[in-house]
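Have a look at the structure below, then the notes.
The values are calculated or read from the model by the stated rules, or taken from the named source; none is laboratory data. Everything numeric here is computed off the predicted structure, so don't read it as measured data. FYI the Cβ positions are ideal-geometry reconstructions off the backbone, even for glycines, and counts take in every protein chain you see.
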Amino acid sequence: MKKPWKPVIATFFVAACAISVRAGGLNDLENFVRTVKTGKAEFTQVVTQPVREGQVARSRVSSGGFVFARPQRFRFDYRKPFEQTIVADGQTLWLYDVDLNQVTARKQAAALGSTPAALIASAPDLAALQADFTLSETPGQEGLEWVLAIPKSRDSGMQSVRVGFKAGELARLDILDSFGQRSVLSFSGFQRNLALDAALFQFKPPASADVVRQ
């Protein structure tokens with residue numbers, strides 16, 4: 001049986017900047033998209049369900065590693081509390097749930113569109129981001145500079161994405177989906193413009209896995 005609201009950010013990872021502003025979060029985002037071609041970091045993700053009347057907010061924490069090579073390739077390896085791998089190879093978006101021994105494959109172009117993945121890892125330039133998001137700066141909080149990205153597509157599955165930078169480095173993603181669920185990813189140990197093995201962005205389903213193509 002599928003574990004409830006298990007963190008899946010395959011469809012959640014894009015942001016954008018369409019306006020050349022020379023201060024604050026928009027400038028940080030512009031520089032990030034323009035100058036960071038590959039990246040690697042550890043992450044912690046906190047997923048919180050919307051609070052309903054008479055209920056207490058419930059959160060779930062997961063952690064793992066993240067790498068990307070712009071454009072169109074990235075990989076998330078969730079290690080705790082459950083193993084899960086998400087790989088975008090440029091053509092296909094693969095999601096492998098180790099516990100279920102199940103692989104879901106989707107055409108990457110259809111899956112990523114207006115998602116947080118385009119924001120920090122997938123989009124090749126600011127013009128591509130501008131096509132999918134309305135961007136604005138928001139007041140600094142928690143020592144970070146923030147950009148608010150509102151998807152232009154009603155089918156994105158998201159209400160908004162906030163991208164936080166600290167001293168020009170990617171620090172946080174705060175994603176609010178269309179159901180009111182909030183996912184906050186905090187990044188640490190970020191390394192930029194590394195020589196990455198192309199094999200990181202290749203995925204072959206295990207022979208015993210159930211493969212679902214969408």
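For Gly39, the conditions (1) farther than 20 Å from Ala167 by Cα; (2) touching a residue at least 24 places away in the same chain (Cβ under 8 Å) are fulfilled apart from (1).
On the stretch given as the stretch 54-78, residues that are under 15 Å from Phe203 (Cβ atoms) and aliphatic (A, V, I, L, M) total 2.
Among the residues of the stretch 115-128, is there at least one that is closer than 21 Å to Phe179 by Cα and in a loop (DSSP other than H, G, I, E, B)? Checked against the condition, which is being closer than 21 Å to Phe179 by Cα and in a loop (DSSP other than H, G, I, E, B), the stretch 115-128 yields at least one hit.
For the stretch 123-147, a residue qualifies if it is touching a Phe, Trp or Tyr at 6+ places or on another chain (Cβ under 9 Å) and at pLDDT 80 or above, and the qualifying residues are Glu137, Thr138, Pro139, Leu144, Glu145, Trp146, Val147.
Do we have Pro71 as of a type outside the set (A, V, I, L, M) and more than 28 Å from Ala195 (Cβ to Cβ) here?
For Pro71, the condition - of a type outside the set (A, V, I, L, M) and more than 28 Å from Ala195 (Cβ to Cβ) - is not met.
This table checks each residue for (1) touching a residue at least 12 places away in the same chain (Cβ under 8 Å); (2) charged (D, E, K, R); (3) in contact with a Gly (Cβ under 7 Å, 6 or more places away or on another chain); (4) more than 30 Å from Asn101 (Cα to Cα).
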site: Gly140; (1), (2), (3), (4): yes, no, no, yes
site: Glu145; (1), (2), (3), (4): yes, yes, yes, yes
site: Leu148; (1), (2), (3), (4): yes, no, no, yes
site: Ser153; (1), (2), (3), (4): yes, no, yes, yes
site: Val161; (1), (2), (3), (4): yes, no, no, yes
site: Arg182; (1), (2), (3), (4): yes, yes, no, no
site: Leu194; (1), (2), (3), (4): yes, no, no, yes
site: Pro205; (1), (2), (3), (4): yes, no, no, no
site: Gln214; (1), (2), (3), (4): yes, no, no, no
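Is it true that Ile175 is surrounded by fewer than 18 Cβ atoms within 10 Å (Cβ to Cβ) and under 25 Å from Pro50 (Cβ atoms)? Here the answer is no, as Ile175 does not meet what is asked. The number of residues in the stretch 64-109 that are of a type in the set (S, T, N, Q), closer than 29 Å to Leu129 by Cβ and surrounded by 15 or more Cβ atoms within 10 Å (Cβ to Cβ) comes to 6. Within the stretch 120-134, if we keep just the residues that are of a type in the set (A, V, I, L, M) and surrounded by fewer than 24 Cβ atoms within 10 Å (Cβ to Cβ), the residue that is nearest to Lys37 (Cα to Cα) turns out to be Leu126. Considering Gln191, Gln214, the condition of being touching a Lys or Arg at 6+ places or on another chain (Cβ under 7 Å) and closer than 22 Å to Phe32 by Cα is satisfied by Gln191 alone.
Applying the criterion of being surrounded by 18 or more Cβ atoms within 10 Å (Cβ to Cβ) and not small (Gly, Ala, Ser) to the residues of the stretch 158-171, the residue that is farthest from Thr104 (Cα to Cα) is Phe165.
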